[in-house]
1. Quick check on this structure: which one of Tyr116, Tyr84, Tyr51 is in a helix (DSSP H, G or I), under 24 Å from Ser7 (Cβ atoms) and of a type in the set (Phe, Trp, Tyr)?
2. Please go through the range 101-113 and pick out each residue that is open to solvent by less than 50 Å² (accessible area, probe 1.4 Å) and not in a loop (DSSP other than H, G, I, E, B).
3. Can you name the residue in the range 58-74 that is over 16 Å from Val103 (Cα atoms) and touching a His at 6+ places or on another chain (Cβ under 9 Å) and, of all such residues, is most open to solvent (accessible area, probe 1.4 Å)?
4. Residues Glu58, Glu11: which one is part of a helix (DSSP H, G or I), within 13 Å of the chain's Cα centre (by Cα) and without any contact (Cβ under 8 Å) to a residue 12 or more places away in the chain?
5. Scanning the range 61-75 for residues that are more than 10 Å from the chain's Cα centre (by Cα) and either of a type outside the set (A, V, I, L, M) or closer than 16 Å to Glu23 by Cα (or both), which turns out modelled with the highest pLDDT?
6. Got a number for residues in the range 87-97 being assigned to a helix (DSSP H, G or I), closer than 26 Å to Trp39 by Cβ and open to solvent by 40 Å² or more (accessible area, probe 1.4 Å)?
7. Conditions first: (1) open to solvent by 60 Å² or more (accessible area, probe 1.4 Å); (2) within 10 Å of the chain's Cα centre (by Cα); (3) β-branched (Val, Ile, Thr). Thr30 passes all but one, so which condition is the exception?
8. Does Gln45 meet the test of being of a type outside the set (Asp, Glu), assigned to a helix (DSSP H, G or I) and modelled with pLDDT under 95?
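The values are calculated or read from the model by the stated rules, or taken from the named source; none is laboratory data. Note that the structure is predicted; figures quoted are calculated from it, not measured. Please note: Cβ atoms are built from the backbone with ideal geometry, for glycine as well, and neighbour counts cover all protein chains shown. Just the protein is used for accessible areas: all its heavy atoms, side chains included, with ligands, DNA and RNA removed. Shrake-Rupley method; radii C 1.70, N 1.55, O 1.52, S 1.80 Å.
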Amino acid sequence: MTSRLTSDQLEQAVALKQSGKYEEALKILTELLVENPDWAEVRHQMGLVQYFSGMFDESLATLKHARDLAPDAVEIRNDLGLTYATLGMYDEARAEFNEVLSVDPSNAKAQEQLQYFVDLA
């Protein structure tokens, strides 16, 4: 369970990420993981910050860890799928989007992304 303080810190890190202050966001997320190593949403946000910072290998590892901590979290899986897709790892991307649809068959983001792969064929 997270405390109010750690939830506020996560919100602050997300706001920093959204404003392009990746180093500051990464610092807060790293601190949060020291106290909460199995907090999937912190790992999710860290993986996104790493991706936006050009740390692609780290991003994939962090997003996969987040997915493993919360396998039914469709937002994490969608972001991992998008990361795979932007890095040209299309088979892995398709697999993630298909997993999203197995949990949430009406998920518009996964449906849209899978349609993109059909259109490429």
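1. Result of the check over Tyr116, Tyr84, Tyr51: Tyr51.
2. Hits for the range 101-113 are Leu101, Ala110, Gln113.
3. It comes out as Thr62.
4. Glu58
5. Ranking the qualifying residues of the range 61-75, first place goes to Asp68.
6. Qualifying residue count, the range 87-97: 2.
7. (2)
8. For Gln45, the condition - of a type outside the set (Asp, Glu), assigned to a helix (DSSP H, G or I) and modelled with pLDDT under 95 - is not met.
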